[in-house]
Protein chains: 2
Amino acid sequence: MTSIFDSNLPRNAANFASISPLGFIARTAEVYPQRLAIVHGDLRQTWGQTYARCRQLASGLQRLGVGKNDTVAVLLPNTPPMVEAHFGVPMAGAVLNAMNTRLDPQAIAYMLDHGEARVVIVDPEFTGLLAKALTLRQSSAPLQVVEVQDAVYGPASQSLGGMDYEALLASGDAQFDWAPPADEWDAIALNYTSGTTGNPKGVVYHHRGAASNAISNVLEWDMPKHAVYLWTLPMFHCNGWCFPWTVALRAGVNVCLRRVDPQSVFDAIRQHGVTHYCGAPIVHGMLVNAPEAMKQGLPAGVKAMVAGAAPPASMIEGMERMGFDLTHVYGLTETYGPAAVCAQHDDWAQLDIGERARLNARQGVRFHLQGDVRVLDPETMQPVPQDGETMGEIMFKGNIAMKGYLKNPKATDEAFAGGWFHSGDLAVQYPDGYIKIKDRSKDIIISGGENISSIEVEDVLYRHPAVLAAAVVAKPDAKWGETPCAFVELKDGASVTAEDIIAHCRQHLAGFKLPRAVVFGELPKTSTGKIQKFELRKLAAES
Amino acid sequence: MTSIFDSNLPRNAANFASISPLGFIARTAEVYPQRLAIVHGDLRQTWGQTYARCRQLASGLQRLGVGKNDTVAVLLPNTPPMVEAHFGVPMAGAVLNAMNTRLDPQAIAYMLDHGEARVVIVDPEFTGLLAKALTLRQSSAPLQVVEVQDAVYGPASQSLGGMDYEALLASGDAQFDWAPPADEWDAIALNYTSGTTGNPKGVVYHHRGAASNAISNVLEWDMPKHAVYLWTLPMFHCNGWCFPWTVALRAGVNVCLRRVDPQSVFDAIRQHGVTHYCGAPIVHGMLVNAPEAMKQGLPAGVKAMVAGAAPPASMIEGMERMGFDLTHVYGLTETYGPAAVCAQHDDWAQLDIGERARLNARQGVRFHLQGDVRVLDPETMQPVPQDGETMGEIMFKGNIAMKGYLKNPKATDEAFAGGWFHSGDLAVQYPDGYIKIKDRSKDIIISGGENISSIEVEDVLYRHPAVLAAAVVAKPDAKWGETPCAFVELKDGASVTAEDIIAHCRQHLAGFKLPRAVVFGELPKTSTGKIQKFELRKLAAES
């Protein structure tokens, strides 16, 4: 018999609406139309204006024939059109593919083809890159190019003869009556993983997940209304960890930034009263290591989020000296960017910096609206003991996990095997439930049958005062199978020897974990600041 | 052809989870097990303990035979078991019916019967009330009574021979593996409207809506982690506006309170560092009008939420003098409590108190996660002009609207006619989109063919310095059809005449809106502090 609570109580238009971050900008534009939404060079754009422009973009795209589930690719830095694309593209029912502008033309061509883009919007800085990519496409499907002008950059060195972005907007209706997604499971974005080998995979985001992560960002950070957010993190990286939607939800300010360098960042913070920003460790390290004179007059209490690697003690200390408050988060493209946070406890403030850094170096616990994150034995799918020792794989489940990989059911099935998303990161879980990464599955070093966590060795290297960046990879070894090989980038003016480094490591590590070789020099990094270990592995194998 | 974005990308256990506020307490207990969750008299209970007790409650209820969609009614004041019931009952798959403890035995009996309660949990203060209600039930279905002990209250004057609450918990498993709702549309709570005539209607809440409103509470208030929330608002009123779930989400503190009086409230604020509380206007008015000596040593910046009637200028001023920050919200039982907020703007702070009060007296805009709120012409279902003049009916749509009325498809269909929830409140919409109630449909006074907003007249009455509370209703009139009749409750020691009151009104109102009669005395109020106009209407008709 049907329960009384399930009888004649169906969903209807009054009591059920699809969950989507698109509602965030609509509400903010209604309630705070005059508040500042975007700062870029001399440009000041309110939420009323921004919402109108997003509707024009959506309307203009529809007039170009773009509709439900069509892909609109963009090759844009952190500029106003990039913010607008995060709303205007899905308001047209379409899917936003924000491409990494630092990739090579082959990779761009691959994404345009694989994602079946109908339109591509390009910044003047990247018309050359796009031109090359267009010659490399395999597909002959029509692709409409839309070219942005940006006074901050100046004219493009090369025009592609595409449609002008402002003309596209002018063709659209500022009152366009966009429809929320028919189903909150509809795709909102497509983000290609920066795969280190093989073709990148297309990670599909849905509206429900994007909204869940955007709201979680507020909850993790206690982010208040009208926060001023500085765009140090590329919006092409997991849709800027969903922060374009979060900033709209908070009726905050998007402070755009074409280039991330210490002077630009500090100037923006002082000039616009920035309260929040995100970035890879390299961004925060760059700020910490900037000349003291550059840091004069910074406001207190700026909140920073770091992901990509655990913040070493020196970074935490340096951030504290600047008066910044650092939150360590963790996730993957497949989890809409960070979906775990090293939630801090009040009593940690009493601990010495070493202990604070140890605690903060952990990847922590699930985001507020994520279902679960756990370290499971990938064979048995059972949780590992919470002993801080037993390794397993970090797995997520809940509403902050991708829809799947585009046109790749095999990879999708593997990623979701057993009802959990498999991160590929090896970790332990502490008695307090906090997770700590020991390594990427593929980064573990197996020496004489012993597992060596490359991250553990790197953490020790980072503690050396002369070390700016460090990475440890496996070097093939006839006797041991593999041995750790350290690549070290020193701070400006520092001078140490390989012996100094190994002696430093010996104080903190068991003998079998010590690097057998130390190579000095600048480390190869991805566009998002991740160190490219596959390059280092090649170097280690060759050396 | 199926789109590439809809092919092989289904929901699965890894990327889709039902939305429910039950996950909030699970995460908080995992991340902050040692933090304080509940204060009650000498009791201090952590989140770890509270979560364990909720699981015991759920497990114990299941052992009593309670399962999916069974109703568990409670007759509890704002005590720890009431907090626990908000989690333990739905963790058992059951539906919580928090009954208004101020109702008469007939109404309690009606709810127990209509809601088909299987279990009723009762506080020692209300065993007598329940005993009478049990004799009045029509249904002969078995009903398990569970009796709470409370050291703060003392022994019950009458025992019903029911099961002891602690024994029920002791029968349950603190590690109980509760299941989230199979569908987020499943019922979580049943709340009877305090209908002024006829039988109350049973409003059914679902998990999705409860979570949406609980999260919105955080967003409206910028409520930080570890907020200290004082329970001045009864949890039996729209599940305390969903704040039991909000406080869990924020890992905050529930400061319980059996009785709301100024001394108890101020003591609790000082002793426990209360940061947030909610209440009807009468609660805030009581605090504002308390002796100054009682207010010594209050912390600054306590945030208060008011709903039920617009806060008059004198209340806003009084709150400001205490250093409290008042947010005006609006909603109905059917919208999980408040689902609209008079969102304040920074520049309002520059205005004089009269203008601030006028702006803050508006019901405002939709909650962050509510889909829409608008003033529509109920005939055409078209929006009224945003001119601050044209009246229509306030209507809501979105995820913060009830599942419907229990066993009442006719009322459900009427309430949701045309794809909007009809509030029954008549209002105008201002050019800035803010809504202002002019009256309940049934409270409008029609005099000589002119509509008179009872609220407009009441607002003027509240501006008189001697007036503590006021209500205006229609009095039948042979010549005019109806005329306004004012009921006025004066502040202690105040002395004014009916002529004084009418003279005051004449300064602010058109002649036809002036009360023709003024009656002094205490106003009849519902348990939630709402003035009972139907009683006043009877008095007006008889006088």
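The values are calculated or read from the model by the stated rules, or taken from the named source; none is laboratory data. Small disclaimer: the values here were computed from a predicted structure and weren't measured. FYI the Cβ positions are ideal-geometry reconstructions off the backbone, even for glycines, and counts take in every protein chain you see. Note: accessible area is taken over every heavy atom of the protein model, side chains too, but ligands, DNA and RNA are not part of it. Shrake-Rupley method; radii C 1.70, N 1.55, O 1.52, S 1.80 Å.
Considering only the label points, 7 Å along Cα→Cβ from Cα, what distances in nm to one decimal separate A:S171 from the same position in each other copy, shortest first?
Ordered by increasing distance: 7.1 nm.
If you take each beta carbon of peptide A:400-406 and count the beta carbons of other chains within 10 angstrom, what is the mean?
Mean shielding by partner chains, rounded to a whole number: 5.
Just order B:176-184, A:232-240, A:529-537 by mean Cβ neighbour count inside 10 Å, highest at the front, would you?
In decreasing order of mean packing, B:176-184, A:232-240, A:529-537 become A:232-240, A:529-537, B:176-184.
Share of the range B:111-237's accessible area from carbon and sulfur, percent, 1.4 Å?
For the range B:111-237, the apolar C and S fraction of the accessible surface comes to 50 percent.
What are the label-to-label distances in nm, one decimal and shortest first, from B:G67 to the same spot in the other copies, with labels 7 Å along Cα to Cβ?
Label-point separations across copies, in nm and ascending: 4.7.
In Å², nearest 100, what accessible area do chains B and A bury in total when the solvent probe is 1.4 Å?
6000 Å²
At a 10 angstrom cut-off on C-beta neighbours, averaged per residue, how do the peptides A:26-33, A:500-507, B:400-407, B:437-444 rank from highest to lowest?
In decreasing order of mean packing, A:26-33, A:500-507, B:400-407, B:437-444 become B:400-407, A:26-33, B:437-444, A:500-507.
Express the Stokes-Einstein translational diffusion coefficient of the range A:216-441 in µm² s⁻¹, to the nearest whole number, given a Kirkwood radius over alpha-carbon pairs, 25 °C and a viscosity of 0.890 mPa s.
Using the Kirkwood radius from Cα pairs, D works out to 134 µm²/s.
Please work out the Cα center distance from the range A:222-263 to the range B:1-20, rounded to the nearest Å.
Here the two parts' Cα centres lie 28 Å apart.
Nearest to the axis that maps chain B onto chain A: list the chain B residue whose Cβ wins, with the distance in whole angstrom.
Spelled out, residue of B and its Cβ distance from the axis onto A: B:I215, 3.
Using a 1.4 Å probe, what is the accessible area per residue for the range A:131-286, in Å²?
Per residue, the range A:131-286 has 34 Å² of solvent-accessible surface.
Report, ordered by chain and residue number, the lysines lying within cross-link reach of A:K533, taken as a straight Cα distance under 17 Å and ignoring same-chain residues fewer than 8 apart.
Candidates past the 8-residue exclusion: A:K438, A:K442, A:K475, A:K525.
Report the convex hull volume per residue for chain A, counting only C-alpha atoms, in Å³.
Cα-based convex hull of chain A, divided per residue, equals 182 Å³.
Using Cα centres only, tell me the gap between the range A:58-114 and the range A:340-361 in whole Å.
First find each Cα centre; the distance between them is then 40 Å.
Inter-copy label distances at B:E522, 7 Å along the Cα→beta-carbon direction, one decimal in nm, shortest first?
Nearest to farthest, the other copies are at 8.1 nm.
Please work out the Cα center distance from the range A:139-206 to the range B:267-318, rounded to the nearest Å.
Comparing the Cα centres of the range A:139-206 and the range B:267-318, I get a distance of 51 Å.
Can you classify the range B:140-248 as rounded, prolate or oblate using the Cα gyration tensor, where a ≥ b ≥ c are the square roots of its eigenvalues, rounded means a/c under 1.5, and otherwise it's prolate if a/b beats b/c and oblate if not?
rounded
Apply the a/c threshold of 1.5 to the C-alpha gyration tensor of the range A:116-198 and tell me whether it is rounded, prolate or oblate.
Since a/c reaches 1.5 but b/c is at least a/b, the shape of the range A:116-198 is classed as oblate.
With a/c under 1.5 counting as rounded, go ahead and sort the range A:444-542 into rounded, prolate or oblate using the C-alpha gyration tensor (a ≥ b ≥ c being the square roots of the eigenvalues; past the cut-off, prolate if a/b is larger than b/c, else oblate).
oblate
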